Structure formats: C-alpha cells, structure tokens
Amino acid sequence: MANQTASLPGLEPAPEEPAATVPVLVPVAVETAYSYRVPAGMHLGPGTVVQIPLGNRQVVGAVWEPGIWEGGGAKPVDPSKLREILHVFDVPSIDERMRRFIDWVARWTMAPPGMVLRMVLRVPEALEPEPPLKGVRLAGAPPERMTKARARVLDLFEENPSWSKTGLATAAGVSPGVVDGLIGAGTLQIVPLPAAPPAPMPEADWNRRDLSPAQDKAAEEITATVAERRFSVTLLDGVTGAGKTEVYFEAVAEALRRGRQALVLLPEIALTSEFLQRFEERFGCRPGEWHSDVPPKQRVRLWRGVIDGSVRVVVGARSALFLPFPELGLIVVDEEHDPAYKQDDRVAYHARDMAVVRGHIAGFPVILSSATPSIETRHNADTGRYRRIELPDRASGAALPDIHAIDMRRGGPARGRWLAPALTRAVGEALARGDQALLFLNRRGYAPLTLCRSCGHRFECPDCSAWLVEHRFRSVLTCHHCGFSMPTPEACPSCGDVDSLTACGPGVERIAEEAAADFPDARIIVLSSDMPGGTRRLRAELKAIAGGEGDIIIGTQLVAKGHNFPKLKVVGVVDADLGLSTADPRAAERTFQLISQVTGRAGRRDGAGVGYLQTYMPDHPVMRALVSGDRESFYATELEARERSAMPPFARLASLLVTGPDRPLTEGFARELARAAPHQDGVHVLGPADPPLAVIRGRHRQRLLVHADRSADIQAYLHRWLAAGPVPKKGVRLAIDIEPLSFM
DNA sequence: AGTTTGGGCGGT
DNA sequence: CCGCCCAAACTT
C-alpha cells in the first residue's frame, strides 16, 4: 500500500509506517510464536499457512492470533532480528476452531504449540499445487523403425486417445523406455492429463441394513445427537457382536445427510481392511483412509480432500484427529478403551480425550464405542456427563462364548509344559470337528527370562530395569521396552559355563513349540507384532485365518482386534493372570478388557464358542466377572475398588512422564518433584511409579503417579512448577499422561 | 526439530 | 596448542 501511494505521481511519499508484523507458529519446540514481517501487499489473517525462514532453513508455519503464546514476561523481539514471510501457500486457512483446538491440545499436553501445529501440517507436499499429471497421445507419423513392442504401444491408442506413460507401458507389456523412444521419435507427445476425479462420495442411504429392534432404537437415539448439531458425548456400549458398528454407521449417515464431514477413529487401523469393506457395503464406496501405512501420494490427496471438503468421511488412526476438516460434524472413537489411542512420544496425547475436546470446541457430537469401556468413560456415563446407549444382545443371535477358568494350582500342566490338560483336550476336540482354536499369550518371543543354571545370572537390559526376552527363531535376546538386542550367547557372561542357560516361562514361540508337539498334523500360525514380513504379512495372515486357514492360531494381543474368525470355536488364554500382578493401577481393567476382547472372537456366527482361562487366581474379581459373563459386576467392583484405594478420586489419577537423557537424571528429578511439593493445591504426588523404567528414542522415562480432585488442577500445578518452581534440569522434560474424568 | 556454538579433554 | 566430540543454546 505504501508503495502504491508513493508511486502515484504528484503525491508526497507516505511517511514510513513501521513494518507490520504477525505472530507465526513455527514447527519447532519453542514456547512462543515468533514474529515475522509481512511483505507489502501480502494479506495475512490468522490461520494462513506460510513459508518462513528459520535459522538457515525454510519451514512451514501458520499465522496465529497475537497474545496467546506470548508467555508472561515476554520481552519484545529485537527488530533487527525480524525476518520476512517468504510465501503464502494456496490452501485454505487453518480455521478458528482448529486453531483453538491446537492451542488447547498444546496447553493440555504441555507440548510446544508449534509441535501440535506440525501434526496438522504434516504433509508439506499437500501445500504445493498438484503437479499436472502427464500423459501421452499420438502426435505424429509412425516412427521410421517399427518394432513389435512399438506396434503394441501404438495399437492401444485405438482404445483410448490418451494414456499415462506408465499405464501405457504396462498395458502394452513393454518397458517405459519403449514409450520414451516413441516420444523421442515424435510419434507420441506429452500432454497434460485431466485432473484425477474427486474422491467418490459416500451415500447416506446406499444400502440401509435391516437392524435388530435394539439396534434400531440405539440408531435412532444416536442419530438424534447428530441432528442436534451441538456437543455431546455418547457411549455406545455393547458386547462383541452386538452390532455397534451398524449403529454408529447410522450416525455417520446422518452427518452426511446434514452436509457435514465425519471421522471414525480406529486403533491400529492398518489391520482392519474388514472394516473398510463393511463401510463400502453400507455407503457405496471406501472412506478416506489415514494411517501410517498410507503411501505419501494418497496422503496428499486425502489431506487436500479433507481441507477442501471433497472427502466427507475419513477412517483413521489417532493422528487423523489432527486433519483440518472444515465441516466436521461427528467423531466416532471405536474401541474407545484401547491404549493405542495414547501417543507416548513427541506430543503425548490421548486421541479419545482430544476427540471429545474437538467436539466441544467445534460443537458436534462424539460417539465412544466399546464392548469393554474404560473405567473413566463408564464413570462419566454413570454420572450423567456422557449419555450411554446400551446394546444388550448379539445382533446375530449368536451367544457369547462360555468361559471356564482352569485352576492352575490343581489342573495345571506337567512340569516343562504350559498348556493344561483340559485346554489341550479342548483344542484337540476343536480340531477334530474342523474348527479353529486360538491360544492367546500376550508375550512375544520364546521366553521372558533367561538365567544361568550354574551361577544364577539373569539377563537384564543394560538401560531398563527389565529382563531380556529370548527370541529363539531369531537367536537374540531383546528388551521389549527399548529395543536393545544381543545375540543369544553360548556361554554365561558371568561364570563362563557353556550350555548352562535356561529359558524360564513361556512366550508365543514356546507355546507354538508345545502345540506342534501335541498336534503334529495341525497347521499352526503364530501371530505377533515382531513377525518377519511386517504389517503386510500380518494383514494377509489375519485375512487367511478369517477365511478358515490354519488350525491353531497362537498370538499376542493383536489377535484381539477387529477381525471376525467364523471358524474359531475355542480360545485358550495361556496366562490369564499376566498383567494382573503389575503395579499398574489399571492392571485389572486392562486384563478384563483384553481377555474379554480375545474370548469374544470365539463363535461369533454359528453357535457359541468356548473360552478357557488358565489362572492361579480363579477367585479374583476379574476372573469371576469373565467366567460369569457379568460385565456389570466387573465395573461395579472396579469402580468401588478405586474409590476405596489409596488414590480415591480414581480417574483423576494421572501419571506424569519425566523424560531425560540418562537414567539418574530422570529418576532423580522424578523423586525430587515428588519430595519437594507432594501435596499442594489439591494435587497429590504419590511418587515415582514402579520400574521398569523404559528408554524410548534414547530418552529415559519415569512415570510419576499423581492424583487430584480436578484434572485441571494437575495442569495448573505443573505449569506453576515449570514457570516458577525448581525448573527441570537441563534435558528433563515433563509430559502429562492423564485419563481424566473431564476437561471442561 | 535441526543446526550452530562452545567447553572439556586427549593427543602431541 | 589444536582438534574432536557431545551437550546446550538458539532459531523471530
């Protein structure tokens, strides 16, 4: 503007105005927004996505509201340090709701705001205009030198006047070089191809399913929350097979009818192709897909589709929560109890809770779905903060499996074996009927502990307080906390004895060994996350099992997730007590959830299956609830137990994550924090959680248990500590890991 | 997060 | 006395 005025003839140059600056959130770990000069003529409102210089590199940031991230005693920036915004990207701005959401998440997780923004702008290629697709078409005379390959290529132009280069080469069965040769000869010409057609639209009424009366009633209620178009949280609660998915699909349909976008969050989406198929059957096309396995080009297309509104429904892993939907009208969090919703590194957030926050800020309903709701969600439902819709029965009419406890004190296996006779018998009977059996043990590898028979030496991780787990297939000992790994030695490193090392306890590999010995003719499939071949192989195996392949499936917790195994009739939980003995305050809850999910895989379609729990504690409330099938008794007992425990306001229980570059520093700071101000302003620091102390990405971490009347108090306490108290030693960072009752 | 800076120490 | 390595500081 100043320039325009100055350039007009006959006018005095306008007095030099101080150059305008704007705050910009930069994608680095700093506490405040940085100021940048706005070039003359550039129009910038809050939310504009810009490219800016930072040090000697160029980064992507977003213009932000002034004042939010200035901090208390912010001193003005030295004007000589101010640099100019380089470029405005041609994408819609981050809208005001999204900016408030980013601010909120940053405050809550104690993460630098720019790092939260980074999760939103994590596809930098999506900001650049899409390069036009290049195709080829006939442009000139046939080449002087004609070959068979060239002829095949040219013939294809009778079908279609323009082709993509690779598509043409593939269709003709020639190498791309042949096409290049024809371009060089002037026979073919490169032309821009029309842009790819926009993503197909899911149709709300493509294929309405017949719902059971219970589902129908639930769907009606849940659809009404979408129609209200304001914030609410609904827990959709029903046993495995009750048909929760069909019910929340109706909510998605309602969002579509009302012209709004919808997001469905799933844990570990990479393994749930079955879900995508069900979606397609209901809505006529696949939804947008967002998770770490989506290839870069597809990511770009989805991100753009989301922000320009052409993608209406996204199904994704937790990170999909940070996609910039302009018209979001519903979030469904499926399997809301699943710990995979928690991100532990970088910005530590819980996607289920942040979904509730996003709904609150933007004013739309959130649906939490689970057969085994988390205690905090159940509490919120019981106290009326969340609505609760219960689906009582299995929609298909199939019964839940009968669960039996095998008392290992009396009916346990012989020495050196891990499967009780009763379980082995049940597996044998299943195989004889042509059914599948699943042996579940949530422990990867061969044996969780290796020790020396001669001197008693135990193999421990050098960095964590954890035992090294033997993986016999790979011949290594590895730490499941930090990934440390060493070849299994021949001799004991302590006393030097050879062949004295003994494996103690079972992992899935060892169970597979025993099953193979008992059932030499059975086809045995072992599934664990460290399986060679990665998620692609895993997905294929799961699909094959669902299709009836394999007789005995031996797996870790990933078999608990999402797949229907119609032929599966017997589930054996090899160590039902595993996890109950840890110091984790959520041990009982996690065990109940995991075992319910695993046994729920049995007998889902025609006829009930059977589940066997190998336990030394058949009278434990968790085992009793699982055996009786009385979920309510579990929730009642657990809620009451937490009320009575040393940490009465149970769900305001939080753990702080203290991370630092080395173990003494991290542990020391956690202890110091617990000692210096253990009870302050309603916050009770209970002390460092028990080991193991883990090392993740080279940083040691220690959990510190805390409780308070209101989760916001914990926030306030920590922020006060960080601002005024004994500030963390260099290199120590705090993060909050909280599953609270409420935020607002 | 990624890059630059600077201090401590080992070799000469 | 110089170089190398790691940790700390800085980026507007």
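Read-outs throughout are calculated quantities, based only on the coordinates presented, and are distinct from any laboratory measurement. Keep in mind the model is a prediction, meaning the values are calculated, not measured. Glycine gets a Cβ as well: all are built from the backbone with ideal geometry, and neighbour counts include every protein chain shown.
Under a model in which nothing but the beta-carbon of Lys, Arg (+1) and Asp, Glu (-1) is charged, the range A:134-262 shows a dipole of about 660 debye around its Cα centre.
Of the residues A:Ser369, A:Ala255, A:Leu449, the one whose Cα sits farthest toward the positive end of the charge dipole of chain A, with +1 on the Cβ of Lys and Arg and -1 on the Cβ of Asp and Glu, is A:Leu449.
Neighbour counting of Cβ atoms within 10 Å sorts the residues A:Phe364, A:Phe157, fewest neighbours leading, into A:Phe157, A:Phe364. Sites listed here are trypsin sites (Lys or Arg not before Pro) in the range A:331-432 whose DSSP assignment is loop and whose Cβ has at most 11 other Cβ atoms within 10 Å: A:Arg415. Which whole-number percentage describes the relative contact order of chain A, with Cα contacts under 8 Å and a sequence gap of 6 or more? This gives 10 percent for chain A. Exposure here means at most 10 other Cβ atoms within 10 Å; with GluC sites (Glu not before Pro) in a DSSP loop as sites, the longest stretch of chain A lacking them is A:160-489. Computed from the Cβ-Cβ distance with R0 of 22 Å, the FRET efficiency linking A:Asn56 to A:Phe484 stands at 0.05.
Report the calculated FRET efficiency for A:Met146 and A:Leu193 (r = Cβ-Cβ distance, R0 = 22 Å), to the nearest 0.05.
Details: r = 26 Å, r/R0 = 1.19.
Calculated value: 0.25.
Going by C-beta contacts inside 10 Å, put A:Tyr446, A:Tyr616 in order with the fewest on the left. Each step should come with its number before you reach the end.
Numbers: A:Tyr446 25, A:Tyr616 15.
If I rank by nearby Cβ atoms, fewest first, I get A:Tyr616, A:Tyr446.
Out of all DSSP beta bridges in chain A, what portion is antiparallel? Express it as a percent rounded to 5. Taking every DSSP beta bridge with both residues in chain A, the antiparallel ones total about 55 percent.
Label-to-label distance for A:Leu156 and A:Ser529 is 4.2 nm, based on points extended 7 Å past Cα in the beta-carbon direction. Label-to-label distance for A:Ala677 and A:Arg83 is 3.6 nm, based on points extended 7 Å past Cα in the beta-carbon direction. Any idea how far the Cα center of the range A:544-569 sits from the one of the range A:271-329, in Å? Centre-to-centre distance over Cα atoms comes out at 26 Å. Spin-label model, A:Ala29 to A:Arg230: label points 7 Å out along the Cα-to-beta-carbon direction sit 4.2 nm apart. Placing unit charges on the Cβ atoms of the charged side chains and taking the dipole of chain A about its Cα centre, the candidate lying farthest along the positive direction among A:Phe157, A:Val469, A:Thr223 is A:Phe157.
Within 10 Å of each residue's Cβ, count the other Cβ atoms and sort A:Val300, A:Val105 from fewest upward. Don't skip to the answer; put the middle values down first.
Working: A:Val300 18, A:Val105 24.
If I rank by nearby Cβ atoms, fewest first, I get A:Val300, A:Val105.
Report the net charge of residues surrounding A:Trp418, where surrounding means a beta-carbon distance below 10 angstrom and charges are Lys +1, Arg +1, Asp -1, Glu -1.
On the way: positive: A:Arg417, A:Arg510; negative: A:Glu513, A:Glu514, A:Asp575.
That sum, taken over residues with Cβ under 10 Å, equals -1.
Restricting to DSSP loop positions (anything but H, G, I, E, B) with no more than 13 other Cβ atoms inside 10 Å of their own Cβ, which trypsin sites (Lys or Arg not before Pro) remain in the range A:87-148? Working shown, then result.
On the way: sites: A:Arg97, A:Arg99, A:Arg100, A:Arg107, A:Arg118, A:Arg122, A:Lys134, A:Arg137, A:Arg145, A:Lys148; in loops: A:Arg122, A:Arg145.
Counting only loop positions with at most 13 other Cβ atoms within 10 Å, the trypsin sites (Lys or Arg not before Pro) in the range A:87-148 are A:Arg145.
The Cys residues in chain A with no partner Cys Cβ within less than 4.7 Å of their Cβ are A:Cys285, A:Cys482, A:Cys504.
Pull out a ≥ b ≥ c, the square roots of the eigenvalues of the alpha-carbon gyration tensor of the range A:386-544, then state rounded if a/c is under 1.5, prolate if not and a/b is larger than b/c, and oblate in the remaining case.
Details: a/c = 1.99, a/b = 1.63, b/c = 1.21.
Cα axes put the range A:386-544 in the prolate bin.
Charge tally around A:Arg474: other residues with Cβ under 12 Å, Lys/Arg +1 each, Asp/Glu -1 each, net -1.
Work through the residues other than A:Glu221 whose Cβ is under 15 Å from its Cβ and net out their charges, Lys, Arg +1 and Asp, Glu -1. The partial results should precede the final answer.
Working: positive: A:Lys217, A:Lys244, A:Arg387, A:Arg388; negative: A:Asp216, A:Glu220, A:Glu228, A:Asp237, A:Glu246, A:Glu250, A:Glu254, A:Glu390.
With Lys, Arg at +1 and Asp, Glu at -1, the neighbours total -4.
The amide H of A:Leu613, built 1.01 Å from its N in the peptide plane, has A:His404, A:Ala405, A:Ile406, A:Val573 as neighbours under 5 Å, considering only residues 5 or more places off or on other chains. Tell me, what is the FRET efficiency for A:Leu276 and A:Arg663 to the nearest 0.05, using R0 = 41 angstrom and their Cβ-Cβ distance as r? That gives a FRET efficiency of 0.40. Here the extension length gained between A:Gln298 and A:Glu390 equals 29.4 nm, from 0.36 nm per residue of separation less the Cα-Cα distance.
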